[in-house]
Amino acid sequence: MEEQELSEDAFYIRRMWSFSQALDLGLVDDEVEKGLQVALGQRHGERVAYIAMRLGRCLGFSKKDLVNVTVAGLLHDIGILGCFREYHGDLRIMKKHCLEGALVVRRFPSGAFLASAIKYHHETPDPAYSVLRASYEEVPLTARILSLADHVDVRLQRRRQSRHERDEILKWIDEETGTLFYPEVAAAFTNVAQKEAFWLDIEQAQLLQIALGLLCGQWHLPATRELEFGFTDDLAATFADLIDQKSRFTARHSRSVAEKVERMAKGLGWEENRVHEIYVSGLLHDLGKLSIPKKILDKSGPLDPSEIDIIRTHPYYTHCLLTEAGFPTRMVEWAAHHHERLDGKGYPFALVGKEIDEGARLMTIVDIFAALTEDRPYRLAMTPGEALGMMQQSTGTAVDVSLVDLAKRVLL
């Protein structure tokens, strides 16, 4: 039983690590940085998670709490994408993203633990520097850990730190203990930072495997795992909302695609489990779009060639992120191949004909239909009939004629 629990923990962290990387893509955006007034992204979530896990180990956390503080570190900025449109350029986003993030994670495993850690992760011993002005006693140890880990990673350069730079960080933490940093967490960091490997680990591309080695032993996780109901559904729905909030023109696009592709799959007589899988794939098909700057997504005029090149990368990132998260290959392909064409002129993989399976063909049709029937910065929405009429002109080259006929029966 213990070995099975370790395997479950390891796979859970792996999946959340991948979704943290998706958040990272969304945070590398001028509009987000305006709101926070700091540069984010660049593996921030995973590095905060690693630092938090090391601090938790030093402070004697149980195995369960170590897993949870790691996940809290991975997701600590999840509230930003849900509120930056309203608050960018406004310091109130610091408070808002803590509260929004706490609400989002409540439906995840150990939701109360994650919520309290994320809600208070910008609190400090001195109320003058706190976001929520919470009392000393109100801030849980996990939030105190995240606060220090977050501060440290924002200060760290994205390269190997010299001994002098490490010493400067330790000096800064010592000087700010009792003001920015809680004493017990500062002491734990001083302890952990004596290990050369701690500093070297942070810069490694394989930080996930390093973290899993410390938490669970050296696990060799399977490349994929069959879709489990429940938590993954909540995770997919949460990220579908975050993806769609990136632009004011895509308020329900991911959910719309998921609902419509589910209807199409049922129309083909797919079995229940496969219908559910393609629904989840629909929710996540634009996960890679978190990497696209808002100014491109919302541009009112035609995109220039360099902007088009950036837009065309998003299915590739969807493929990478869902693969890293361990989703079944068929689900990854259904989600990531929605801009492929039968004639091989699609992107980013330029697949041809039979290389595109039925689920991906369904996703392509539904994505086009949903996009055409939604307002965009450069045009108003078409009617469903107009959209299907336009798609009919591309049968045999871009889309499958039989599936367009199915769409006429199912989507009108």
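The values are calculated or read from the model by the stated rules, or taken from the named source; none is laboratory data. Being a predicted model, the structure only gives us computed values, none of them experimental. Please note: Cβ atoms are built from the backbone with ideal geometry, for glycine as well, and neighbour counts cover all protein chains shown.
Which condition breaks for residue 55 when tested against (1) modelled with pLDDT of 80 or more; (2) closer than 20 Å to residue 104 by Cβ; (3) of a type in the set (A, V, I, L, M)?
Of the numbered conditions (1) modelled with pLDDT of 80 or more; (2) closer than 20 Å to residue 104 by Cβ; (3) of a type in the set (A, V, I, L, M), the odd one out for residue 55 is (2).
Quick check: anything in segment 263-282 assigned to a loop (DSSP other than H, G, I, E, B), more than 27 Å from residue 397 (Cβ to Cβ) and of a type in the set (S, T, N, Q)? Steps first, answer last, please.
Taking segment 263-282 and keeping what is assigned to a loop (DSSP other than H, G, I, E, B), we get 268-271.
Next, only the ones that are more than 27 Å from residue 397 (Cβ to Cβ) stay: 271.
Filter again for of a type in the set (S, T, N, Q), leaving none.
No, every residue in segment 263-282 fails to be assigned to a loop (DSSP other than H, G, I, E, B), more than 27 Å from residue 397 (Cβ to Cβ) and of a type in the set (S, T, N, Q).
Say whether the condition of being surrounded by 22 or more Cβ atoms within 10 Å (Cβ to Cβ) and in the same structural domain as residue 24 (by TED's automatic domain parsing) is met by at least one residue in segment 162-176.
To start, the set of residues in segment 162-176 that are surrounded by 22 or more Cβ atoms within 10 Å (Cβ to Cβ) comprises none.
For segment 162-176, residues surrounded by 22 or more Cβ atoms within 10 Å (Cβ to Cβ) and in the same structural domain as residue 24 (by TED's automatic domain parsing): absent.
Read through the list (1) touching a residue at least 24 places away in the same chain (Cβ under 8 Å); (2) touching a Pro at 6+ places or on another chain (Cβ under 8 Å); (3) not acidic (Asp, Glu), then give the number of the only condition that residue 373 fails.
Every listed condition holds for residue 373 apart from (1).
In this structure, is residue 309 surrounded by fewer than 16 Cβ atoms within 10 Å (Cβ to Cβ) and under 17 Å from residue 340 (Cα atoms)? If you could, list the steps in order and put the result at the bottom.
Numbers: surrounded by fewer than 16 Cβ atoms within 10 Å (Cβ to Cβ): yes; under 17 Å from residue 340 (Cα atoms): yes.
So residue 309 passes the test.
Any residue in segment 90-101 that is in a helix (DSSP H, G or I) sitting within a Cβ distance under 8 Å of a residue that is modelled with pLDDT of 80 or more and of a type in the set (Ser, Thr, Tyr)? List the pairs, counting only those 6 or more apart or interchain.
Within 8 Å, the pairs are 98/120.
Which pairs have Cβ atoms under 6 Å, sit 6 or more apart or on different chains, and link a residue in segment 292-312 that is under 17 Å from residue 245 (Cβ atoms) and assigned by TED's automatic domain parsing to the domain that holds residue 348 to one that is at pLDDT 90 or above and not hydrophobic (A, V, I, L, M, F, W, C)?
292/314; 296/307
Looking at segment 246-261, which of the residues that are surrounded by fewer than 22 Cβ atoms within 10 Å (Cβ to Cβ) and charged (D, E, K, R) is farthest from residue 334 (Cα to Cα)?
If we take residues in segment 246-261 being surrounded by fewer than 22 Cβ atoms within 10 Å (Cβ to Cβ) and charged (D, E, K, R), then 248 is farthest from residue 334 (Cα to Cα).
Please enumerate the residues belonging to segment 94-142 that are among the aromatic types (Phe, Trp, Tyr) and over 18 Å from residue 56 (Cα atoms). Working first, answer last.
Filtering segment 94-142 down to residues among the aromatic types (Phe, Trp, Tyr) leaves 108, 113, 120, 129, 136.
Answer for segment 94-142, where residues must be among the aromatic types (Phe, Trp, Tyr) and over 18 Å from residue 56 (Cα atoms): 108, 129, 136.
Give me the residue from segment 339-370 that is under 20 Å from residue 261 (Cα atoms) and among the basic types (Lys, Arg) and, out of that set, surrounded by the fewest Cβ atoms within 10 Å (Cβ to Cβ).
Top of the filtered list is 354.
Pick from 203, 226: which is among the charged types (D, E, K, R), assigned by TED's automatic domain parsing to the domain that holds residue 63 and modelled with pLDDT under 90?
Unique residue meeting the criteria: 203.
For residue 124, only one of the following conditions fails: (1) of a type outside the set (A, V, I, L, M); (2) surrounded by fewer than 20 Cβ atoms within 10 Å (Cβ to Cβ); (3) at pLDDT 95 or above. What is its number?
Unmet condition: (2).
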